[in-house]
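**Q** Before I ask anything, let me first share the structure, which is written out below as structure tokens.
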Amino acid sequence: TPEEFLPEDLTCSNPMIRKRHRNHLAAALAAIERMLDLRETHKGREGRLDWLILPELSVHPRDVKAHLVPFARAHKTIILAGLTYESLFAGAPLVNSAIWVIPVWSREHGLQIRTRRQGKQHLSPAEQALHRDALISGALGVQGFRQCQWLVGYEWSIREQDQPLWLTASVCYDATDLSLVADLRHLSDVFA
């Protein structure tokens, strides 16, 4: 909730908030697993989910390995999850980003899980205000950070001649960057 993003703890690392967020994430993933079990009773997809998208600022970075990676491994699903604010470098401003959790299969190594950060360059008005306030007070504010744009190949078919479906995404206001959308038009099949 917006009340949980306090200026003194934008990372949502307060133990009480962390506990509530962690429990909520675990309950949400368990609900999705129950939905997949229900789908099995009439459709049969071996518990598979193609792509799970979790909202902006919804997952604490410390919950990625504990919750998202095991879920992606168990269901062989690609996950795109909005992370809570995080400072990527000591003393640097916080960033708003998402994480791709991508299961990849190879004969040599079996099932591997890769993670990639999708940054957010364009700040919302509320984030711009946090940035300005931080400049005045000397606190860690929020800054734009999109080091690259990821294109994730989704192997939707077992036939070798079928090309992967190319997925890409933006966080919040980055979706309004018309030059980004135009650049991706011929490179991606799905833009979230």
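**Q** Using a 1.4 Å probe on the protein heavy atoms only, what accessible surface does Ser58 show? Give it in Å² to the nearest 10.
**A** Surface open to solvent at Ser58 totals about 40 Å².
**Q** Something else now. Tell me whether the range 96-192 comes out rounded, prolate or oblate; compute the Cα gyration tensor, take square roots of the eigenvalues as a ≥ b ≥ c, and use a/c under 1.5 as the rounded threshold.
**A** Cα axes put the range 96-192 in the oblate bin.
**Q** Helix 15-40 versus the longest principal axis of the chain: what angle, 0 to 90°, nearest 10, using Cα atoms?
**A** It is inclined by approximately 20 degrees.
**Q** Could you look at the chain and say what percent of its accessible area is carbon and sulfur, using a 1.4 Å probe and all protein chains?
**A** It is 57 percent, rounded to a whole number.
**Q** Suppose R0 equals 22 Å; then what is the FRET efficiency for Cys148 and Asp50 from their Cβ-Cβ distance, rounded to the nearest 0.05?
**A** Result of the calculation: an efficiency of 0.40.
**Q** So what does Arg132 come to for accessible area, using a 1.4 Å probe and Å² rounded to 10?
**A** Approximately 130 Å² of Arg132 is accessible to the 1.4 Å probe.
**Q** Here's another thing I want to ask about it. Non-local amide H neighbours of His60 (under 5 Å, H modeled in plane, Pro and chain starts lacking H): which ones?
**A** Thr84
**Q** Can I ask one more? Using a Gaussian network model of the chain whose springs link C-alpha atoms within less than 10 Å, name the residue from Gln161, Gln147, Gln121 with the highest mean-square fluctuation.
**A** Of the options given, Gln161 has the highest mean-square fluctuation.
**Q** A further question follows. Where both partners of a DSSP beta bridge lie in the range 33-192, what percent of those bridges are antiparallel, to the nearest 5?
**A** 70 percent
**Q** Can you tell me the dipole magnitude for the chain around its Cα centre, using point charges on the Cβ only (Lys, Arg +1; Asp, Glu -1), in Debye to the nearest 20?
**A** That gives a dipole near 520 debye.
**Q** With a cut-off of 8 Å between alpha carbons and a minimum separation of six or more residues, what is the relative contact order of the chain in percent?
**A** This gives 14 percent for the chain.
**Q** Continuing with the same structure: Please go through the range 18-91 and write out the GluC sites (Glu not before Pro) that DSSP classes as loop and that have at most 12 other C-beta atoms within 10 Å.
**A** The qualifying sites are Glu46.
**Q** Given a 1.4 Å probe and heavy atoms of the protein chains only, how would you sort Cys148, Cys12, largest accessible area at the top?
**A** Cys148, Cys12
**Q** Give me the count of lysine pairs in the chain whose alpha carbons sit under 25 angstrom apart, restricted to pairs 8 or more positions apart or on different chains.
**A** Close lysine pairs under the 25 Å cut-off: 4.
**Q** Right, something else. Would you please state which residues of the range 173-190 a label at Ser124 would reach in this model, taking the label point 7 Å out along Cα→Cβ and a backbone N cut-off of under 16 Å?
**A** The answer is 173-177.
**Q** Given the range 43-112, what percent of its DSSP beta bridges are antiparallel, to the nearest 5?
**A** Antiparallel bridges: around 65 percent, rounded to the nearest 5.
The values are calculated or read from the model by the stated rules, or taken from the named source; none is laboratory data. The shown structure was predicted, so the numbers you read here are calculated from the model rather than taken from an experiment. Every residue, glycine among them, receives a Cβ derived from its backbone with ideal geometry; neighbour counts consider all protein chains shown. Only protein heavy atoms, including side chains, enter the accessible area calculation; ligands, DNA and RNA are left aside. Shrake-Rupley method; radii C 1.70, N 1.55, O 1.52, S 1.80 Å.
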